[in-house]
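See below for the structure under consideration.
The values are calculated or read from the model by the stated rules, or taken from the named source; none is laboratory data. Computed from a predicted model, the values in this text were never measured in an experiment. Counting neighbours? That spans all protein chains shown, and the Cβs are built from the backbone with ideal geometry, glycine included. The accessibility values were calculated without ligands, DNA or RNA, using every heavy atom of the protein model including side chains. Shrake-Rupley method; radii C 1.70, N 1.55, O 1.52, S 1.80 Å.
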Amino acid sequence: MTALTPAQPGLLGPSSAPEAEAPARLFAGDPLAGPTGLADHLATYGALPLVPGDRPSREALIAQVDRAGLTGRGGAAFPTAIKLSAVAASHRPPVVVANGTEGEPASAKDKVLLARSPHLVLDGVETATALVGAAEGIVVAHPAVAELVETAVLERRRAGIERASLRVIRAAERFVGGEASAVVHWIARGVPTPTHTPPRLSERGLHHRPTLVQNVETLAHLALVVRFGSSWFREVGTAAEPGTMLVTALGALERPGVYEVPIGLRLEDVLANAGGLVGSPPALLLGGYFGSWVGLGQALDRPFSKAGLAPLGAGPGAGLVAVLPEDVCGLSETARVARYLARESAGQCGPCMFGLPAIADEVELLASEGTFRPARLAQLFAAVEHRGACAHPDGAVRLVRSSLSVFAEEIARHTRDRCTAPRGSAVLPTPAP
C-alpha cells in the first residue's frame, strides 16, 4: 500500500502535532500545502483501482466494504455496504449523491475534508457509482467549499480520468438541509424538505431513480477501502466500529479544529489532539445539536464511539465535541440552540411548528428569568417526540432533555437568580435566518 504521511489540519489550517497518536488517512500528505491537487493526491494515495463492470465483481467489492465494517460518518452510522447493495440491486439506472451539506452549524469536518482532500472524496464518488452501476455522481457541497470541489472536478476532467459524470451543486444553508431526503429534494426542487415517508431513496429517490446518498467523509473512506482492503481499514478503531473519523472540536480548548482520530479513542485523548482543555469546563456537548450534554467528569474516560458513549445517553453523531467554557452558562447555550432549532423547522407538521417554539420559550424563561416549569416541559416533550414528519423535533427534545439533567444544579441556582457562569461569550453558533 501507499505510505501515508501523518498530518493534522485544524479548522482554519494545520495544527501542531497532537499529544495522542492518530493515524492520518483522510488528511495524508503535506498539511501546509492547502487543497491537495490531483498530482499530489495521486502521489500520496496512488491511482484509484478500476472497479469491474460485471455485477459479480461489483458484489464482491461490496462484500469487501462489508468486511471492512465501514459505516456512515454523517451521524447515523448506518452500514455502508447495505446501502450500496440496496441501490446496486435495482434494475433501473441509479444515481449517487455525495452529501457535503454540513447543515450542523458547529461542525466543520466536511468543509475541511472537501477543502483539504477533494480528490479523495471524488474518488469515493466514482467508486460508489461503479459499485452500484450509476453513470452520474452529484456532490452537494457547502457553499464555502463548492468552488474548490468544482475546481477538482475540472482538474480530473482535463486529465482524462473522470470515470463518471460528476457535477457539483451548492448546498442549502439550512440545518434540516443535510438530511438525506432533504438533499434529494434540494437537488430536484430547490426545497430542502426532509421526510420519512416511503419509499426509500434506494428504491425511488432523485427523479424517481434509485439513489445512494452518502456523507462525503464516508465516501472518502470508501475510496481507501477499495485501495488498501478491509484488513487495512480495520487496523485502527474497534472491532465493532473500525476505522478513523473526523472530529470537530470547539470551545474551551487550546487548539479548536478538525482532527482525524481512531474510533474508540478515549475522549480525553481526542481532546488532547486539540491541545487539551482550557480552564475547568463543566460539560461537553457530544454529537451536535441533535446530541446530548454530558458532565465532563463522567465523559473524559469514555471511548469516543457509539458503544462507548451509549451509557451516557450520547453518541459521536457527526463527530462534534463542544467543550463548554467555565464562564459560559450551559442553560443559556441550550436556550439559544433550542430557539435556533425551532426557527429551522421545515414547517411540515404541528409538533415541530408549534411544539419547538414552545419548548424554546420554556428554556429561555429558565435561562433568563429562573422560571422553571418541569411539568410543562414534560408535557411539551410528550406532544412533540416521535410525532414529527422527520427526526427534527426528536433531536431538539434530546438536546433540551439532556440539559435538564446535566445542568440540574445550575437550574437550582437560576431559580434563585444566581447564574454561576454569566460572563463568557456564546460558544455554540446559531446562524441568523
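Considering only segment 192-234, how many residues are within 21 Å of the chain's Cα centre (by Cα), closer than 21 Å to CYS390 by Cα and aliphatic (A, V, I, L, M)?
Count: 3.
Has segment 349-356 got at least one residue that is surrounded by fewer than 23 Cβ atoms within 10 Å (Cβ to Cβ), under 21 Å from the mean Cα position of the chain (by Cα), closer than 21 Å to ALA432 by Cβ and not aromatic (Phe, Trp, Tyr)? So that I can check it myself, show each step before the final result.
To start, the set of residues in segment 349-356 that are surrounded by fewer than 23 Cβ atoms within 10 Å (Cβ to Cβ) comprises 349-351, 353-354.
Filter again for under 21 Å from the mean Cα position of the chain (by Cα), leaving none.
For segment 349-356, residues surrounded by fewer than 23 Cβ atoms within 10 Å (Cβ to Cβ), under 21 Å from the mean Cα position of the chain (by Cα), closer than 21 Å to ALA432 by Cβ and not aromatic (Phe, Trp, Tyr): absent.
With the condition kept exactly as written, say whether any residue in segment 298-305 is touching a helix residue (DSSP H, G or I) at 6+ places or on another chain (Cβ under 6 Å), hydroxyl-bearing (Ser, Thr, Tyr), in a loop (DSSP other than H, G, I, E, B) and farther than 22 Å from ARG416 by Cβ.
So the first thing to find is which residues in segment 298-305 are touching a helix residue (DSSP H, G or I) at 6+ places or on another chain (Cβ under 6 Å), and the list is 299-300, 302, 304.
Narrowing the set further to residues that are hydroxyl-bearing (Ser, Thr, Tyr) leaves none.
The answer is no, given that none of the residues of segment 298-305 is touching a helix residue (DSSP H, G or I) at 6+ places or on another chain (Cβ under 6 Å), hydroxyl-bearing (Ser, Thr, Tyr), in a loop (DSSP other than H, G, I, E, B) and farther than 22 Å from ARG416 by Cβ.
Of the residues that sit in segment 367-396 and are in a loop (DSSP other than H, G, I, E, B) and either over 20 Å from TYR289 (Cα atoms) or of a type in the set (D, E, K, R) (or both), which one is most open to solvent (accessible area, probe 1.4 Å)?
Looking at residues that are in a loop (DSSP other than H, G, I, E, B) and either over 20 Å from TYR289 (Cα atoms) or of a type in the set (D, E, K, R) (or both), I get ARG387.
Please find, within segment 307-321, the residue that is modelled with the lowest pLDDT out of those that are open to solvent by 10 Å² or more (accessible area, probe 1.4 Å) and more than 15 Å from ARG266 (Cβ to Cβ). Walk me through it before giving the result.
At the first step, the residues of segment 307-321 found to be open to solvent by 10 Å² or more (accessible area, probe 1.4 Å) are 307, 310-318.
Applying the additional criterion that residues be more than 15 Å from ARG266 (Cβ to Cβ) yields 310, 313, 315, 317-318.
On the way: ALA310: 96, GLY313: 94, GLY315: 95, GLY317: 92, ALA318: 89.
The residue in question is ALA318.
Any idea which residue in segment 397-428 is farthest from GLU326 (Cα to Cα), counting only those that are open to solvent by 80 Å² or more (accessible area, probe 1.4 Å) and assigned to a helix (DSSP H, G or I)? So that I can check it myself, show each step before the final result.
At the first step, the residues of segment 397-428 found to be open to solvent by 80 Å² or more (accessible area, probe 1.4 Å) are 398, 401, 405, 409, 416-418, 422-423, 425.
Pick out the ones that are also assigned to a helix (DSSP H, G or I) and you get 398, 401, 405, 409.
On the way: ARG398: 23, ARG401: 21, SER405: 18, GLU409: 14 Å.
The selected residue is ARG398.
If the Cβ limit is 6 Å and pairs must be 6+ apart or interchain, which residue in segment 327-345 that is touching a residue at least 60 places away in the same chain (Cβ under 8 Å) and of a type in the set (Lys, Arg) pairs with which residue that is outside any helix (DSSP H, G or I) and open to solvent by 10 Å² or more (accessible area, probe 1.4 Å)?
The qualifying pairs are ARG336/THR430; ARG343/PRO433.
Among GLY75, GLY100, which is the only one that is touching an Asp or Glu at 6+ places or on another chain (Cβ under 6 Å) and either farther than 11 Å from LEU219 by Cα or in contact (Cβ under 8 Å) with a residue 60 or more places away in the chain (or both)?
Exactly one of GLY75, GLY100 is touching an Asp or Glu at 6+ places or on another chain (Cβ under 6 Å) and either farther than 11 Å from LEU219 by Cα or in contact (Cβ under 8 Å) with a residue 60 or more places away in the chain (or both), namely GLY100.
Matching residues to (1) on the phi < 0 side of the Ramachandran plot; (2) crowded, with 23+ Cβ neighbours inside 10 Å:
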site	(1), (2)
ALA77	no, no
SER85	yes, no
VAL96	yes, yes
LEU113	yes, yes
VAL125	yes, yes
ALA144	yes, no
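Can you find even one residue in segment 208-227 that is open to solvent by 10 Å² or more (accessible area, probe 1.4 Å), in a loop (DSSP other than H, G, I, E, B) and under 18 Å from ALA63 (Cβ atoms)?
Checking segment 208-227: not a single residue is open to solvent by 10 Å² or more (accessible area, probe 1.4 Å), in a loop (DSSP other than H, G, I, E, B) and under 18 Å from ALA63 (Cβ atoms).
Rundown of residues vs (1) among the small types (Gly, Ala, Ser); (2) free of Cβ contacts under 8 Å to residues at least 40 places away in the same chain; (3) over 20 Å from GLY395 (Cα atoms); (4) in a helix (DSSP H, G or I), yes/no style:
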| position | (1), (2), (3), (4) |
| --- | --- |
| LEU271 | no, no, yes, yes |
| ALA274 | yes, no, yes, no |
| GLY288 | yes, no, no, no |
| LEU365 | no, yes, yes, yes |
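When both residues are 6+ apart or on different chains and their Cβ atoms are under 6 Å apart, which pairs have a first residue that lies in segment 46-69 and is under 22 Å from ALA239 (Cα atoms), and a second that is open to solvent by less than 50 Å² (accessible area, probe 1.4 Å) and not in a helix (DSSP H, G or I)?
GLY69/PRO242
Looking at the structure I just gave you, is ASP394 under 16 Å from ALA338 (Cα atoms), modelled with pLDDT under 95 and not hydroxyl-bearing (Ser, Thr, Tyr)?
Working: under 16 Å from ALA338 (Cα atoms): yes; modelled with pLDDT under 95: yes; not hydroxyl-bearing (Ser, Thr, Tyr): yes.
Yes: the conditions hold for ASP394.
Please specify each residue of segment 23-50 satisfying the condition of being open to solvent by less than 30 Å² (accessible area, probe 1.4 Å), among the aliphatic types (A, V, I, L, M) and at pLDDT 90 or above.
If the condition is that a residue be open to solvent by less than 30 Å² (accessible area, probe 1.4 Å), among the aliphatic types (A, V, I, L, M) and at pLDDT 90 or above, then LEU26, LEU38, LEU48 are the ones that fit.
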